[in-house]
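Colleague: The structure's right below; bear with me while I get my questions together.
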Amino acid sequence: MTTGPAMTTGPASDPERLRRWRMLLGAAAGEQFAQPSGADAGADAALAALYDRGDGAPERGGDGGRRRAGNLAASAPRVARWLGDIREHFPSTVVQVMQADAIERLNLTRLLLEPEMLAAVEPDVHLVGTLLSLTGVMPDATKDAARQVVRTVVDDLEKRVAQKTVAAVSGALNRATRIARPRHADIDWDRTIRANLRHYQPELRTVIPERLVGYGRRSTAVQRDVVLCVDQSGSMAASVVYSGVFAAVLASMRSLRTSLVVFDTAVVDLTDQLGDPVEVLFGTQLGGGTDINRALAYGQQLVTRPRDTIFVLISDLYEGGVREQMLRRVAELTAAGVQVITLLALSDEGAPAYDHDNAAALAALGVPAFACTPDAFPDLMAAAIERRDLMAFAARHTGRG
């Protein structure tokens with residue numbers, strides 16, 4: 001495959017097109033392209049440090065010689081300078097991708113245990129997941145810096161999801177408590193009129209309502225119990241982060257009783273830490289095996305009002321425990337009236353690899369299993385509170401597994 005201007009789909013003399021091809025190809029572009037200058041030179045050097053081989057040329061493969069492997073030396077000072085360079089030359093979304101590539105391809109995870117490195121990185125959900133997986137080996141000198149990174153991401157996520165979550169859930173709870181035979185003072189006239197427009201009497205020029213819609217009386221009593229049961233295996237890192245934030249937001253609502261349980265082959269109840277989502281996340285331990293059956297057994301003990309309970313299992317469903325017992329426990333929960341939902345992921349990345357057989361078995365029990373984005377989660381909770389068809393919700397709002 002040639003790497004010169006012939007690769008372009010437009011005139012070879014188009015300077016901007018040639019510039020873009022040069023930035024894409026790196027050193028493989030050869031002398032057929034002008035060398036980058038100015039800001040492009042800095043950006044090209046940052047890309048080369050990550051994606052070009054040690055001899056200055058990109059590795060070749062099925063991608064036709066485009067940049068794909070790196071020579072970024074794994075020393076903290078050099079990596080810290082590089083992190084500063086990419087933040088200067090690229091937008092934050094690109095910086096996050098390049099950081100993730102550097103950690104994965106060049107095995108820079110150990111450098112995240114150094115405080116000066118953490119001060120240089122661009123905080124994001126995936127970086128938090130990586131840090132949480134390192135808590136067991138993280139030196140004391142690094143923990144404060146790591147907490148600050150996690151705090152920054154959590155604060156941003158709370159700003160993103162809290163208002164919508166509270167509004168959606170509160171609205172659903174209010175709708176669920178509306179009464180059909182209200183006293184005169186409790187009639188919601190706007191909704192009553194709209195519900196009875198078909199009964200308009202032209203000769204009387206008025207609506208004669210056959211059904212009154214009343215306001216639900218506001219109550220400080222707990223109206224729903226929510227159990228979030230979260231798989232903390234390594235592949236679920238982003239889901240764990242989002243789950244911790246959502247659990248903290250739901251726990252702040254007095255009309256809900258929220259429990260958060262995380263599990264691998266053991267089960268940890270983090271409900272008492274929901275006042276601070278950062279503490280919640282540092283209470284997790286990413287990695288290890290998976291025993292969904294054991295987690296469900298613990299979760300069953302938290303259910304005291306089945307018909308008022310929403311049980312959300314967040315897992316890729318790769319069961320390391322006893323599959324038959326897992327499915328039996330789910331069947332017991334649904335038979336008792338619990339609304340059980342399985343989220344294959346709670347993240348922006350879509351459905352991960354997951355156990356299709358277990359997902360199909362849960363669907364046969366009437367339990368939807370699908371990936372859910374953080375933006376859709378508030379609407380999902382509202383739908384569950386109102387006992388709408390969650391299978392239909394999954395089909396409309398998510399990429400189903």
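Colleague: Go through the residues of region 330-337 one by one and say whether even a single one is in contact with a Pro (Cβ under 6 Å, 6 or more places away or on another chain) and at pLDDT below 95. Break it down into steps so the answer makes sense when it comes.
Modeller: The initial filter retains those residues of region 330-337 that are in contact with a Pro (Cβ under 6 Å, 6 or more places away or on another chain), namely 336-337.
Retained after the next criterion (residues that are at pLDDT below 95): none.
Checked against the condition, which is being in contact with a Pro (Cβ under 6 Å, 6 or more places away or on another chain) and at pLDDT below 95, region 330-337 yields no hits at all.
Colleague: Same structure, new question: Can you name the residue in region 230-245 that is among the polar types (S, T, N, Q) and farther than 12 Å from PRO352 by Cα and, of all such residues, is modelled with the highest pLDDT?
Modeller: SER243
Colleague: Specify which of the listed residues (ALA363, ALA353) is assigned to a helix (DSSP H, G or I) and surrounded by fewer than 21 Cβ atoms within 10 Å (Cβ to Cβ).
Modeller: Sole residue among the options that is assigned to a helix (DSSP H, G or I) and surrounded by fewer than 21 Cβ atoms within 10 Å (Cβ to Cβ): ALA363.
Colleague: Oh, and also: Output the residues belonging to region 327-356 that are of a type in the set (D, E, K, R), under 13 Å from LEU296 (Cα atoms) and in contact (Cβ under 8 Å) with a residue 12 or more places away in the chain. Before the answer, list the steps.
Modeller: Restricting attention to region 327-356, the residues satisfying the condition of being of a type in the set (D, E, K, R) are 328-329, 332, 348-349, 355.
Subset that is under 13 Å from LEU296 (Cα atoms): 328-329, 332.
ARG329, GLU332 - these are the residues of region 327-356 that are of a type in the set (D, E, K, R), under 13 Å from LEU296 (Cα atoms) and in contact (Cβ under 8 Å) with a residue 12 or more places away in the chain.
Colleague: If VAL268 passes every condition in (1) more than 20 Å from the chain's Cα centre (by Cα); (2) over 29 Å from ASP124 (Cα atoms) but one, which one does it miss?
Modeller: (2)
Colleague: Between MET117, MET98, which is under 30 Å from ALA41 (Cα atoms), in contact (Cβ under 8 Å) with a residue 24 or more places away in the chain and in contact with a Phe, Trp or Tyr (Cβ under 9 Å, 6 or more places away or on another chain)?
Modeller: Of MET117, MET98, the one residue that is under 30 Å from ALA41 (Cα atoms), in contact (Cβ under 8 Å) with a residue 24 or more places away in the chain and in contact with a Phe, Trp or Tyr (Cβ under 9 Å, 6 or more places away or on another chain) is MET98.
Colleague: Which residue, of ARG194, ARG218, is outside any helix (DSSP H, G or I) and either charged (D, E, K, R) or modelled with pLDDT of 80 or more (or both)? Write out each step before concluding.
Modeller: Numbers: ARG194 fails: outside any helix (DSSP H, G or I).
Step by step, each of ARG194, ARG218 is checked, and only ARG218 is outside any helix (DSSP H, G or I) and either charged (D, E, K, R) or modelled with pLDDT of 80 or more (or both).
Colleague: Can you pull out the residues in region 30-54 that are loosely packed, with under 15 Cβ neighbours inside 10 Å, at pLDDT 70 or above and not small (Gly, Ala, Ser)?
Modeller: Listed by number, the list holds a single entry, GLN35.
A quick yes/no check of all residues on (1) among the basic types (Lys, Arg); (2) outside the structural domain of THR290 (by TED's automatic domain parsing); (3) out of contact with any Leu (no Cβ under 8 Å at 6 or more places or on another chain):
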| position | (1), (2), (3) |
| --- | --- |
| TYR354 | no, no, no |
| ASP357 | no, no, yes |
| ALA371 | no, no, no |
| ARG387 | yes, no, yes |
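Colleague: Sticking with this structure for a sec: Out of VAL312, VAL249, VAL280, which single residue is outside any helix (DSSP H, G or I), in the same structural domain as ASP375 (by TED's automatic domain parsing) and under 27 Å from LEU131 (Cα atoms)?
Modeller: VAL312
Colleague: Still on this structure, I have one more. Does ASP269 satisfy being of a type in the set (D, E, K, R), buried (at least 23 other Cβ atoms within 10 Å of the Cβ) and assigned by TED's automatic domain parsing to the domain that holds ALA382?
Modeller: Against the criterion (of a type in the set (D, E, K, R), buried (at least 23 other Cβ atoms within 10 Å of the Cβ) and assigned by TED's automatic domain parsing to the domain that holds ALA382), ASP269 does not qualify.
Colleague: Can you tell me which residue among ALA57, ALA27 is in a helix (DSSP H, G or I), modelled with pLDDT under 70, more than 32 Å from the chain's Cα centre (by Cα) and on the phi < 0 side of the Ramachandran plot?
Modeller: Within the list ALA57, ALA27, the selection yields ALA27.
Colleague: Which one of LEU286, LEU296 is touching a helix residue (DSSP H, G or I) at 6+ places or on another chain (Cβ under 9 Å), in a loop (DSSP other than H, G, I, E, B), in the same structural domain as ALA363 (by TED's automatic domain parsing) and among the aliphatic types (A, V, I, L, M)?
Modeller: Testing whether each residue is touching a helix residue (DSSP H, G or I) at 6+ places or on another chain (Cβ under 9 Å), in a loop (DSSP other than H, G, I, E, B), in the same structural domain as ALA363 (by TED's automatic domain parsing) and among the aliphatic types (A, V, I, L, M) leaves just LEU286.
Colleague: Applying the selection to region 272-299, what residues are among the polar types (S, T, N, Q) and either closer than 22 Å to ARG254 by Cα or touching a residue at least 60 places away in the same chain (Cβ under 8 Å) (or both)?
Modeller: GLN273, THR284, GLN285
Colleague: Every residue in region 103-161 that is of a type in the set (S, T, N, Q), outside any helix (DSSP H, G or I) and not assigned by TED's automatic domain parsing to the domain that holds SER92, please. Quick ask: steps written out before the conclusion?
Modeller: So the first thing to find is which residues in region 103-161 are of a type in the set (S, T, N, Q), and the list is 107, 109, 130, 133, 135, 142, 148, 152.
Still in the list and also outside any helix (DSSP H, G or I): 107, 135.
Passing the criteria: only THR135.
Colleague: For VAL240, state whether it is free of Cβ contacts under 8 Å to residues at least 60 places away in the same chain and among the aliphatic types (A, V, I, L, M). Spell out how you get there, then give the answer.
Modeller: Numbers: free of Cβ contacts under 8 Å to residues at least 60 places away in the same chain: no; among the aliphatic types (A, V, I, L, M): yes.
Here the answer is no, as VAL240 does not meet what is asked.
Colleague: Which of the numbered conditions does ALA100 fail, given that it passes all the others? Conditions: (1) within 19 Å of the chain's Cα centre (by Cα); (2) surrounded by 16 or more Cβ atoms within 10 Å (Cβ to Cβ).
Modeller: (2)
The values are calculated or read from the model by the stated rules, or taken from the named source; none is laboratory data. Quick caveat: nothing in here was measured; it's all calculated off a predicted structure. Cβ atoms come from the backbone with ideal geometry, glycine included; neighbour counts cover every protein chain shown.
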